[in-house]
Amino acid sequence: MNLLAQANIVVIKIGASFIMDSKKSMVNHVWVDSLVDDVIELIRLGKRPVIVSSGTVAFGAYNLGLNCLKLKIQEKQIASIVGQHEMIEVYKNSFKRHNIKIAQGLVTVEDIEVRKRFLTMKTTLEFLLNNSVVPIINTNDLLTSSEIRFGDNDRLSARIAQVVNADLLVMFSLVDGLYAKDPLLYPNSNFINEVRGITQDIENMAQDSRARTGGMSAKITAAKIALNNKCNVIFTNGRYNNPIKRIVDGERCTSFIVDDKSSTQKYKIG
């Protein structure tokens, strides 16, 4: 099933490690430009993309001369606030090559859970999408630190998909998708290419380990939220340039499909 071809509104979750190389303390402009080129192609095909991006902590830590890997919660909060402007400038300059405008949106969990705020956000995002403006969403770390501590932006991306009634949530990982076991510890582990309904077996497959497979548990939690709101999900490897085009070209990924209750097989091994 070609989930990307069928989708109208597509939410794309981007992790910090893809846009900022914290070890080299530099922005991965080549990757960002390739991702933006992919997003422009989605727009050309009539789709409406929304980006949920991490990275502000890494940008801010670099700006402040701090070690991104050793920050305490409050230091991460400060770094994130400092890094917001720099991260959005990277996206702005990349989209500017295509004469496409972006809009920065900073939200908290309360903005989504309080109905009045939810409806205001929904109306605003719909207006942006209807006027060919690409929203770039992140948490508002001036007001909250809970997302920094507990779930980065994985769950946020699923909730934003809920707000905009997205058809598809694309989440980039450090691995190709979901494996039966951590592929860094078990190289011959079976790859799961399709999931219909997240069972306890699926959640067990995603348990994070010392090898850190891209925070798969958090992504499974996000996928559950998205599926419950009738939004399909794709996990794929984001370490390569043009990561969305790679999905189109048939590169390996795991598809989480809204269950129509007609299938007894909950997942397929690929």
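All of the numbers you see were taken from the coordinates with simple rules; none came from a lab. None of the values given here were measured: they were computed from a predicted structure. Please note: Cβ atoms are built from the backbone with ideal geometry, for glycine as well, and neighbour counts cover all protein chains shown.
Data for the structure
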item: Neighbourhood net charge (10 Å Cβ-Cβ; Lys/Arg +1, Asp/Glu -1) for F256; result: +1
item: Cleavage-rule hits (chymotrypsin sites (Phe, Trp or Tyr not before Pro)) in segment 180-254: DSSP loop, at most 15 neighbouring Cβ within 10 angstrom; result: Y240
item: Label assignment, P(r) over Cα pairs in 10 Å bins from 0, in percent derived from the structure, set (i) 7, 31, 38, 21, 3, 0; (ii) 7, 25, 30, 20, 10, 6, 2, 0; (iii) 7, 27, 33, 23, 9, 1, 0; result: (i)
item: 5 angstrom amide H check on N140, placed H, neighbours 5+ away; result: V107, T108
item: For C231, C68, order by how many other beta-carbon atoms lie within 10 Å, fewest first; result: C68, C231
item: Helix runs (DSSP H) in the chain reaching 15 Å along axis by Cα, Kyte-Doolittle at least 0.5; result: 29-44, 216-228
item: Contact order relative to length of segment 3-269, as percent, for alpha carbon pairs under 8 angstrom and 6 or more apart; result: 22 percent
item: Rounded to 5, the percent of DSSP beta bridges in segment 3-269 classed as antiparallel; result: 30 percent
item: Neighbour-count order for D249, D154, fewest beta carbons within 10 angstrom listed first; result: D249, D154
item: Computed [θ] at 222 nm, helices only, for the chain once each DSSP H run of length n ≥ 4 contributes -39500 (n - 2.57); result: -13000 deg cm²/dmol
item: Mean-position separation - Cα centroids, segment 35-61 and segment 93-108, in angstrom; result: 8 Å
item: FRET E, pair N204, K70, Förster distance 25 Å, beta-carbon r, rounded to 0.05; result: 0.20
item: For F127, F256, order by how many other beta-carbon atoms lie within 10 Å, fewest first; result: F127, F256
item: For segment 63-84 and segment 154-203, distance of Cα centres in Å; result: 28 Å
item: 5 angstrom amide H check on R48, placed H, neighbours 5+ away; result: I9, V10
item: Sparse-neighbour loop sites [trypsin sites (Lys or Arg not before Pro); segment 78-133; at most 14 other C-beta within 10 Å; DSSP]; result: R97
